[in-house]
Amino acid sequence: MARIALIPGDGIGPEVIREAERVLLVIADLGDLSLEWDRWALGADHFLETGSTITEGEFRRLEEDYDAILLGALGDPRVPGNQHARDILLGLRVRLDLFVNYRPCRVVRPEHSPLKAAEGSRMDLHIFRENTEGIYGGVGGSLKTGTPDEVAIQEDINTRKGVERILRAAFEFAEREGRRRITVVDKANAMPFAGGLWRRTLEAVRSDHPGLEVELMYVDAMVMDMVRRPDHHEVVVTSNLFGDILSDLAAALVGGLGLAPSANLHPGRHALFEPVHGSAPDLAGSDQANPMAAILCVALLLTHLGEWGPARAVRAAVEAAMEEGVVTPDLGGTGGTGEVGEWIAERVANLLEEAHG
């Protein structure tokens with residue numbers, strides 16, 4: 001029995017998680033997987049009612065009692081600075097040591113991509129972003145704040161352990177999935193200390209994977225190359241900041257954040273799955289939010305649990321919806337959140353029933 005914690009969160013989070021849950025129900029009802037899940041009320045409403053973002057006990061329960069977490073979105077204009085979002089999401093990443101942020105980005109329908117080259121050069125990219133170090137570590141400070149002489153310092157933290165394990169995760173994925181090329185992205189010419197650590201560590205890791213081609217790219221060159229040659233790169237591994245930027249660019253190139261799932265992983269231990277479109281409070285309640293990223297998170301979750309057949313069915317159902325034009329306004333369609341989610345769930349059911357014979 002796999003146990004899942006559902007955290008719908010804020011804004012459109014509850015709406016897209018409802019559709020992801022619809023797909024989970026289909027899979028559970030057909031007996032393809034023994035699943036149970038609990039809804040957690042963590043989010044802005046909970047914080048505004050109780051003054052608590054997430055407690056030590058709640059951290060411990062999420063860590064010890066569940067196989068995975070599915071998070072909708074966090075962020076609410078009623079909470080200045082989004083303290084609850086930082087405490088919950090960043091807290092879970094650090095507390096559970098979710099050092100891999102994995103973002104698959106694949107063009108399904110060329111017309112959804114802004115690239116003219118998408119028809120003949122379809123992007124199928126897997127980004128591995130280091131998720132616990134880098135510039136987001138919160139190390140730094142400011143002096144003379146609010147004066148003309150203000151100084152702000154933000155430190156970029158890179159450890160040998162942190163760099164090595166994200167590199168190994170990317171290399172092992174490439175070998176497992178039959179990919180032939182790894183692209184390592186840094187800015188070693190302008191950041192020689194951090195870049196030097198990444199490159200020295202890369203030399204140690206690549207020697208254990210002689211069958212893979214390795215490319216080194218500066219991040220500014222990589223941004224241009226993803227637009228110029230969208231089908232060239234296969235697996236990208238990089239730091240927290242650069243991975244954040246590149247993965248959002250890749251999402252835009254395949255059709256937008258409504259198609260962008262993510263997995264936050266500590267392989268063999270913990271996992272948190274999250275659509276990366278954010279809470280989009282202006283869309284909340286409008287039935288226009290794209291549920292596909294949340295549903296694709298279900299596919300990633302199932303893969304994490306070793307349930308490859310249902311995971312393939314979920315991905316195939318999402319792609320079928322895109323092929324047949326059952327999409328929300330962000331992809332040029334007229335479908336509502338619930339309509340698209342229901343269509344995908346029914347297609348998942350059909351695919352699984354066909355597989356059962």
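Where a number appears in this text, it was derived from the coordinates with a stated rule and is not lab data. Because the structure is predicted, anything quoted here is derived from the model rather than measured. FYI the Cβ positions are ideal-geometry reconstructions off the backbone, even for glycines, and counts take in every protein chain you see.
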(message) Can you tell me which aspartates and glutamates have their Cα less than 20 Å from the Cα of Lys116? Leave out same-chain residues fewer than eight positions away.
(response) Asp124, Asp225, Asp231, Glu234, Asp248, Glu323, Asp330
(request) Positive end of the charge dipole of the chain (Lys, Arg +1 and Asp, Glu -1 on Cβ, about the Cα centre): tell me which of Leu253, His233, Ser279 has its Cα farthest that way. (result) His233
(request) Calculate the spin-label point distance for His356 paired with Glu49, positioning each point 7 Å from the Cα along the beta-carbon direction, and give it in nanometres. (result) 3.7
(request) Please identify, among Val214, Val298, Val184, the residue showing maximal mean-square fluctuation in a Gaussian network model of the chain using a 10 angstrom Cα cutoff. (result) Val214
(message) Students often forget the sequence filter, so: which aspartates and glutamates lie under 14 Å Cα-Cα from Lys187 once same-chain residues fewer than 8 apart are removed?
(response) Asp156, Glu215, Asp220
(message) For segment 257-298, what does the relative contact order come out to in percent, with C-alpha contacts under 8 Å and a separation of six or more?
(response) 50
(request) Assuming 1.567 mPa s and 4 °C, estimate D for segment 227-357 with Stokes-Einstein, Rh taken as the Kirkwood radius over Cα pairs, in µm²/s. (result) 81
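Apply the membrane-span-like helix rule to the chain: whole DSSP H runs, Cα extent along the own long axis of at least 15 Å, mean Kyte-Doolittle hydropathy at least 0.0. List the helices found.
Values: long enough: 13-29 (23 Å, 0.46); 160-176 (24 Å, -0.55); 192-206 (20 Å, -0.19); 240-254 (21 Å, 1.36); 292-304 (18 Å, 2.29); 308-323 (22 Å, 0.14); 337-356 (29 Å, -0.26).
The answer, listed by residue number, is 13-29, 240-254, 292-304, 308-323.
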(message) Pick from Thr201, Thr145, Thr159 the residue whose mean-square fluctuation is largest in a GNM of the chain, springs joining Cα atoms under 10 Å.
(response) Thr145
(message) For the chain, set up a GNM with springs between Cα atoms under 10 Å and report which of Gly91, Gly134, Gly178 has the largest fluctuation.
(response) Gly178
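Quick one: putting +1 on the C-beta of Lys and Arg, -1 on the C-beta of Asp and Glu, what dipole do you get for segment 187-317 around its Cα centre, in Debye to the nearest 20? Display every interim value, and only then the final one.
Numbers: 9 positive and 14 negative charges, 53 e Å.
Once rounded to the nearest 20, the dipole reads 260 debye.
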(message) Given the C-alpha atoms of segment 28-72, compute the convex hull and give its volume per residue in Å³.
(response) 88
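Run the helix sum for the chain: -39,500 (n - 2.57) per DSSP H stretch of 4+ residues, divided by residue count, reported at 222 nm to the nearest 500 deg cm²/dmol.
Numbers: 11 runs with 145 residues, N = 357.
Rounded to the nearest 500, the figure is -13000 deg cm²/dmol.
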(message) Suppose we take every Cα in the chain and form the convex hull; what volume per residue is that in Å³?
(response) 159
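For Cα pairs less than 8 Å apart in space and 6+ apart in sequence, what is the mean separation divided by the residue count of segment 43-122, i.e. the relative contact order in percent?
Relative contact order for segment 43-122 comes out at 27 percent.
Dividing the alpha-carbon Rg of segment 93-133 by 2.2 N^0.38 Å yields what? List each step's numbers first, then the result.
On the way: Rg = 14.7 Å, N = 41, 2.2 N^0.38 = 9.0 Å.
Normalised Cα radius of gyration, segment 93-133: 1.63.
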(message) Among Gly243, Ala188, Val219, whose Cα projects farthest towards the positive end of the dipole of segment 178-263, with charges put on the beta-carbon of Lys, Arg (+1) and Asp, Glu (-1)?
(response) Ala188
